[in-house]
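Each reported figure results from applying straightforward, stated rules to the coordinates on display, with no laboratory input. Quick caveat, the model's predicted, so the values are computed rather than measured. All Cβ positions, glycine included, derive from the backbone under ideal geometry; neighbour counts span all protein chains shown.
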């Protein structure tokens, strides 16, 4: 007998798992080590999506992810986007200190 899980159930399980977010961030590390910055950026964005699904948008995202994204944009030569994410990192740092 084959176990079948509906697509909605699978999405719910995956979106609710903090371990998946950590896995996404680890995949980002692999791409960074290979200098594949665009792919690393994609996995950072997936990480943020999962974090928002798990904790909601009101959750204070760790400033480190924004700093990481800023550094990736720097490596891609997109200094305006890098600055945008550095500002987000600074804002998160201020909010976490409160």
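Details
- Residue exposure proxy: 27, 54, ordered by other Cβ atoms within 10 angstrom of their Cβ from fewest to most, comes out as 54, 27.
- Ranked by how many other Cβ atoms sit within 10 Å of their own Cβ, fewest first, the residues 95, 84 fall in the order 95, 84.
- When 41, 23 are arranged by Cβ crowding within 10 Å, least crowded first, meaning fewest neighbours, the order is 23, 41.
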